[in-house]
Amino acid sequence: MRNVADLPLHGGHVPPWLAQRMRKLTRLVLILAVEEYGTKGLLERLSDPVWFQAFNNLIGMDWDSSGSTTVTAGIIKDALWREELGVKAAGGKGKKSRMTPEELKTIAELYELDPEPYVRTSRLVAKVDTVALQTGYQLYHHVFFLDEEGNWAVIQQGMNERERMARRFHWFDAETFTLDPHKAIAGLRREFALNTVSKDAREYQKTLLDIVQEKPAKIERELESLKAMARGYRPLVYYRPREPWEKDLLKRYESLGRFELNRKALEFAKELSISNYEEFLLLKGLGPSTLRALSLVLELVYDVHPSWRDPVTHSPDPFKFTYAVGGKDRVPFPIDKPAYDELISFLEELVSKHPEEKALVRNVTKITKNWKFPEGEKRAT
């Protein structure tokens, strides 16, 4: 078992001759998937990093690139808006991600749904993967899928510019947003992550909500004392480092970035008497730096800890799907245009067939189910 893909940051673009074919193949696969599994089944599969990566490999994108998320999700979004399959997508990369709320309202109106729960969910999953779970990745891509029955899935991606790597976060119809909420996370596992949405962080969440009911000035004093200790000065409050691991913990927090409190956010929390962690995460002004600062105070002053386990998901490897038509980056071989066009023609004919005729095609999967690709042909792009 291994991660799906390493997702290094790649530049470049998809050439028009390939993009045209990708759009045609994507449309056909989506039609067949909805016919076979329904819209909810499609969303479940999009939120599975193996299925999503296999889809990406099938249409000929780089197998190990950050673009495997942004390009593939963008082409899927475009196809869903062109076809009426009972599911649409909002958002995208960069500026397009900020259009998500308005696009969700349009989709909700189309499907006669109340848009507010989905707009809130969109904000919340972004806050979780930016603030509540910190591994050094800054979100820059957010796509929200919503079907006519109200089922939803989210695929978002963050980048670590210093390491030149990306990480993909998958969500599906989460019942809770604060206790192991992800369907999956694809990327390289880190030694540690500030994870405040682990099931092991229940006590942390409860204590944090208690602490933010204190006067912000008191929390600021405690933080300043800890900062002084980190600089080698004697603390001005009761805390003294007891164990070597506590000094290592300070270094761990510092490696994630600065820890500065946003006093306005704390004043909002106290004024609104925030009583659950979801509402706390949605506070205006609550960013990664403020949560790091609060977590540091909780760990070193109150001896209450978040989880430091990185929840990256280990999954089977879907690289074999790159053998369908080849890869844009010439791995495992250059795009085979005749084979690509033949596949599109075959699927176009398949879409028009009756269900019993389509059932016969399932037998084809038995041929390749246990086939394993030559490991030597899998190389970085």
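Looking only at residues that are in a helix (DSSP H, G or I) and among the aliphatic types (A, V, I, L, M) in the range 261-280, which one is most open to solvent (accessible area, probe 1.4 Å)? Applying the filter and picking the extreme gives LEU272. Within the range 96-115, identify whether any single residue is touching a residue at least 40 places away in the same chain (Cβ under 8 Å) and surrounded by fewer than 18 Cβ atoms within 10 Å (Cβ to Cβ), and answer yes or no. There is no residue in the range 96-115 that is touching a residue at least 40 places away in the same chain (Cβ under 8 Å) and surrounded by fewer than 18 Cβ atoms within 10 Å (Cβ to Cβ). Restricting attention to the range 300-313 and to residues that are under 14 Å from ASN195 (Cα atoms) and out of contact with any strand residue (DSSP E or B) (no Cβ under 9 Å at 6 or more places or on another chain), the residue that is most open to solvent (accessible area, probe 1.4 Å) turns out to be HIS305. Criterion first (modelled with pLDDT under 95 and either exposed (fewer than 12 other Cβ atoms within 10 Å of the Cβ) or in contact with a His (Cβ under 8 Å, 6 or more places away or on another chain) (or both)) does LYS378 satisfy it? No.
Entry remark, the range 128-146: residues being touching an Asp or Glu at 6+ places or on another chain (Cβ under 9 Å), open to solvent by 10 Å² or more (accessible area, probe 1.4 Å) and of a type in the set (Phe, Trp, Tyr) number 1 in total.
When the range 113-143 is filtered for residues that are over 12 Å from the mean Cα position of the chain (by Cα) and part of a strand (DSSP E or B), only GLN134 remains. The residues on offer are VAL361, VAL297, and the sole one that is free of Cβ contacts under 8 Å to residues at least 40 places away in the same chain, of a type in the set (A, V, I, L, M, F, W, C), open to solvent by less than 80 Å² (accessible area, probe 1.4 Å) and farther than 21 Å from TRP63 by Cβ is VAL361. Taking residues in the range 6-18 that are closer than 21 Å to LYS378 by Cβ, and partners anywhere that are aliphatic (A, V, I, L, M) and exposed (fewer than 14 other Cβ atoms within 10 Å of the Cβ), the pairs with Cβ atoms closer than 8 Å and at least 6 places apart or on different chains are ASP6/ALA380; PRO8/ALA380.
Annotation note: of VAL154, VAL125, the sole residue that is touching a helix residue (DSSP H, G or I) at 6+ places or on another chain (Cβ under 9 Å), of a type in the set (Val, Ile, Thr) and crowded, with 19+ Cβ neighbours inside 10 Å is VAL154. Identify all residues within the range 314-334 that are of a type in the set (Gly, Ala, Ser) and surrounded by fewer than 21 Cβ atoms within 10 Å (Cβ to Cβ); write none if there are none. Those that are of a type in the set (Gly, Ala, Ser) and surrounded by fewer than 21 Cβ atoms within 10 Å (Cβ to Cβ): SER315, ALA324, GLY326.
The values are calculated or read from the model by the stated rules, or taken from the named source; none is laboratory data. Predicted model only: the values in this text are computed from it and were never measured. Cβ: placed from backbone, ideal geometry, glycine included. Neighbour counts: every protein chain shown. Side chains included, ligands, DNA and RNA excluded: accessible areas come from the protein's heavy atoms. Shrake-Rupley method; radii C 1.70, N 1.55, O 1.52, S 1.80 Å.
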